[in-house]
Amino acid sequence: MSNKAEQVAQEVQGQVAAALAGVDQPEMFGPSQGTGRAKTPPRRRWPNPAVVQKPKKGLLDGLFRFVIAPVYYVTDPIGNFFDWVLDKISFRRKRRALHGGWGSVAGSLLAAHHTSARRFLVSGRTGLHLVYIGELGSEVGWSLPREQVRSIKHLERAGGMPHKATLRFHFSDGSWGDLVVVGQTWQQLLSQFPAAPSQ
């Protein structure tokens, strides 16, 4: 590893530790992203990290939000019904990246990835976390106690090995969601959590 790469890795490690200070002690972490197969989460579930510099908004931005924001709330029940129908069709469910809807634990994890901040999935001593790193520092964007992660499964059909892999996270509320974990972190995650039973 070059000096610059080492310096960047140490900087990221410091940012992750700073974000989790007083919350948990990180054991391992790595960049994570959505799979591209999941739908875009509803606008009201998009995160708004404080570590990302926001462009100044003008009058047109405020007017656009005032007119369009109610549409997001009206269309949510339609999207929830559509998701429920797809979950009932078994062959469609196998190809989906999310089960349980956006209000579930898995849905909140996938929705938390919908941001311009760099995202790092962190396995700590007591929990699983998503840490945002931006121009203004770092912060925790999503957290869950370890015991609520039922299992993790490597989706071999999704490809990408050895540098990245698609993992399916199963949670205690019955929901599951797929994430792409970059680097060797995905192998470490598989060793730290129970393996999902093969279907």
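Go through the residues of region 105-119 one by one and say whether even a single one is under 16 Å from residue 26 (Cα atoms) and modelled with pLDDT of 95 or more.
Within region 105-119, one or more residues are under 16 Å from residue 26 (Cα atoms) and modelled with pLDDT of 95 or more.
Take the conditions crowded, with 17+ Cβ neighbours inside 10 Å, of a type in the set (Val, Ile, Thr) and more than 29 Å from residue 155 (Cα to Cα) and apply them to residue 23. Does it pass?
The answer is no for residue 23.
Quick check: is even one residue across region 147-163 in contact (Cβ under 8 Å) with a residue 12 or more places away in the chain, in contact with a Gly (Cβ under 8 Å, 6 or more places away or on another chain) and among the basic types (Lys, Arg)?
no
Restricting to strands (runs of 3 or more DSSP E) lying wholly in region 138-196: which have 1 or more residues that are farther than 25 Å from residue 10 by Cα, over 14 Å from the mean Cα position of the chain (by Cα) and among the hydroxyl-bearing types (Ser, Thr, Tyr)?
149-154
If residue 101 satisfies every condition in (1) of a type outside the set (S, T, N, Q); (2) surrounded by fewer than 20 Cβ atoms within 10 Å (Cβ to Cβ); (3) in a strand (DSSP E or B) but one, which is the exception?
In the conditions (1) of a type outside the set (S, T, N, Q); (2) surrounded by fewer than 20 Cβ atoms within 10 Å (Cβ to Cβ); (3) in a strand (DSSP E or B), residue 101 misses (3) alone.
Tell me, yes or no, whether region 112-124 has at least one residue that is assigned to a strand (DSSP E or B), of a type in the set (Lys, Arg) and under 23 Å from residue 12 (Cα atoms).
The answer is yes; a qualifying residue exists.
The values are calculated or read from the model by the stated rules, or taken from the named source; none is laboratory data. The structure displayed is predicted, hence computed values, not measured ones. Methodologically, a virtual Cβ is constructed for each residue, glycine included, from the backbone with ideal geometry; neighbour enumeration extends over all protein chains shown.
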